[in-house]
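In what follows, a single structure is set out as structure tokens and then discussed.
Since every read-out is calculated from the coordinates, none of them should be taken as a lab result. Because the structure is a prediction, the values reported are computed rather than measured. Glycine also receives a Cβ, built like all others from the backbone with ideal geometry; neighbour counts cover every protein chain displayed.
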Ligand SMILES: Cc1cc2nc3c(=O)[nH]c(=O)nc-3n(C[C@H](O)[C@H](O)[C@H](O)COP(=O)(O)OP(=O)(O)OC[C@H]3O[C@@H](n4cnc5c(N)ncnc54)[C@H](O)[C@@H]3O)c2cc1C
């Protein structure tokens, strides 16, 4: 089995090698049977999962800016695998930030090495099923822990996970965040939904039928807003925009290559490349805490640019790009994902306005 060199910085040669391998595999992926096990293995063996952990926790301690630069490269090469990694790293980072030494000791290194896979099911506490009268995943105190009952509606890599980091609501409306091993009795993960794009992320609901979780697995809470309480971990933020800009970069790179042979594409290609460069620059400024760069403004701009660049690439690719298997068609479908993935309400509202009344 091939052992890649570790990627110790976003500019390392080993990063180019890893991205080339991911990119070559991305075109073969289309449905739930194509879970990217080998791409995830390559990322684990390259140390990708250590980018996100401090050195004292066994990581490489990359800065926020380097993490974003790394994600930009990965997303440009293979959005499906990169998206799976964001959810996996969501679980890893919440465990690292929890201070729970039992879970850290039992799980962190195995997740960071890629030996075991973890994921998050937390959207029902933020952007999913919030309009319903009753929480979809409920917890009650029982004996030396909690009993979970209900479901987590969106869990990426659900059938492949060894561990779920998930949130649940207690009868008094307080929330808890737990690390839940998938082997516990009463857990059932769906095989993955057939999606408009990213089906190979095997995203599905996970059902919990009176699952007993030991108190030692509590990561945070009980508290009113358990996801906000976790130090050093933010939901949404710049990560989603990073993946959208990585996808836009893939599209404009394709367009520029076509434009090198076709004069009629040059003006559009030059303008869209300029916009991707400018937005990437704003993203990197925001990652060092530049307060002039508003994260939600960047998210809206990244969504728009992902849609525009991928559709420009399809226009250039013509009918050939519309044939299943051509990367440009896949990128167009993937761009739609950013309209729904952890999309904050004000941004969704702004998009609706533009769709209804046209851009300002
Ligand atoms: C491919 C994919 C992967 C994902 N992976 C993860 C993951 O790994 N972990 C994770 O935590 N989350 C994940 N998510 C969840 C994501 O971040 C959002 O939470 C999700 O897209 C919200 O969509 P929803 O349909 O659940 O929203 P909901 O708000 O529940 O909407 C569902 C339906 O309810 C109705 N509705 C909505 N609002 C109202 C209202 N106000 N009044 C009446 N009816 C209403 C509409 O008919 C709507 O279609 C993923 C999502 C996708 C698409």
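Determine, for each peptide in 275-281, 55-61, the mean count of other beta carbons within 10 angstrom over its residues, then list the peptides with the highest first. Walk me through the intermediate numbers first.
Details: 275-281: 16.4, 55-61: 14.6.
Final packing ranking: 275-281, 55-61.
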>> Quick check: the angle from helix 64-77's long axis to the longest principal axis of the chain, C-alpha only, nearest 10 degrees?
In response: 60
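Under the definition of Cα pairs under 8 Å and six or more residues apart, what whole-number percent is the relative contact order of the chain?
Values: 641 pairs, mean separation 56.5, N = 360.
Relative contact order comes out at 16 percent.
On a full-extension model of 0.36 nm per residue, what is the gain between residue 102 and residue 214, subtracting their alpha-carbon distance, rounded to one decimal in nm? Could the numbers behind the result be given before it?
On the way: separation 112, 0.36 × 112 = 40.32 nm, distance 1.13 nm.
Value of the extension gain: 39.2 nm.
By counting other Cβ atoms within 10 Å of each Cβ, how are 184, 40, 177 ranked from fewest to most?
Details: 184 15, 40 21, 177 25.
Sorted ascending by nearby Cβ count, the order is 184, 40, 177.
How would 257, 78, 144 line up from fewest to most surrounding beta-carbon atoms within 10 angstrom? Please list the in-between numbers first.
Values: 257 14, 78 26, 144 10.
Exposure proxy ranking, most exposed first: 144, 257, 78.
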> Which whole-number percentage describes the relative contact order of segment 1-95, with Cα contacts under 8 Å and a sequence gap of 6 or more?
Replying inline: 31
> Using 0.36 nm per residue, how much length does the chain from residue 3 to residue 315 gain when fully extended, once their Cα-Cα distance is taken away?
Replying inline: 108.4 nm
> To the nearest 0.05, what FRET efficiency results for residue 63 and residue 297 with a Förster distance of 22 Å applied to their C-beta separation?
Replying inline: 0.45
> Relative to the longest principal axis of the chain, what angle (0 to 90°, nearest 10) does the C-alpha long axis of helix 13-26 take?
Replying inline: 90
>> Considering only C-alpha atoms, what is the centroid distance from segment 285-320 to segment 173-214, in Å?
In response: 31
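Ignoring everything except DSSP H segments at least 4 long, calculate the 222 nm mean residue ellipticity for the chain; use -39,500 (n - 2.57) per segment, divide by total residues, nearest 500.
On the way: 11 runs with 162 residues, N = 360.
About -14500 deg cm²/dmol.
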>> Please compute the length gained on full extension between residue 23 and residue 340, using 0.36 nm multiplied by the number of residues separating them and subtracting their Cα-Cα distance.
In response: 111.7 nm
